[in-house]
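Below is one structure, written out as structure tokens; the observations come after it.
The values are calculated or read from the model by the stated rules, or taken from the named source; none is laboratory data. If you're wondering where the values come from, they're calculated on a predicted model, not measured in any experiment. Positions of Cβ are generated from backbone atoms using ideal geometry, with glycine treated the same way; all protein chains shown enter the neighbour counts.
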Amino acid sequence: MKLPVPLGFDWNKANINKSWEKHKVSSKEAEELFINKPLLIFDDKKHSIKEKRLVAYGRTNKDRKLTIVFTFRKEKLRVISARDQNRKERKVYE
């Protein structure tokens, strides 16, 4: 999937704090993922019940490999969760 350009973000307080508190992923790191290459994006069919969700595998500027679940709202990207890639995800990403 190709992301729209320019890419904007829609952060709500609950998700911006949740990713930091649970996984120590800052909003800045999460945003970096979408400008760095390679970026792999998949449909998250399992969790797309109320709205279409997508999963992104990518890396930050400091080469931290992250998995981010997101959706689009009002033509902006809204991060739902952000965390380090697990072993299986790293294998797919690499």
The helices (runs of 4 or more DSSP H) lying entirely within the chain that contain at least 1 residues which are of a type in the set (Val, Ile, Thr) are 13-23, 87-93
Here the residues within the range 65-92 that are farther than 21 Å from residue 28 by Cβ and among the polar types (S, T, N, Q) are 86
Filter the range 28-51 down to the residues that are under 18 Å from residue 74 (Cβ atoms) and surrounded by 15 or more Cβ atoms within 10 Å (Cβ to Cβ) and list them by number. 31, 34
Could you check residue 75 against (1) surrounded by fewer than 18 Cβ atoms within 10 Å (Cβ to Cβ); (2) closer than 25 Å to residue 13 by Cα; (3) in contact with a helix residue (DSSP H, G or I) (Cβ under 8 Å, 6 or more places away or on another chain) and say which number it fails? (3)
Residue identified as surrounded by fewer than 13 Cβ atoms within 10 Å (Cβ to Cβ) and either hydrophobic (A, V, I, L, M, F, W, C) or touching a His at 6+ places or on another chain (Cβ under 8 Å) (or both) among 14, 56, 82: 14
Do we find a residue being at pLDDT 95 or above, basic (Lys, Arg) and within 12 Å of the chain's Cα centre (by Cα) anywhere in the range 34-54? no
Would you confirm whether any residue within the range 17-26 is over 22 Å from residue 64 (Cα atoms) and either over 12 Å from the mean Cα position of the chain (by Cα) or loosely packed, with under 12 Cβ neighbours inside 10 Å (or both)? no
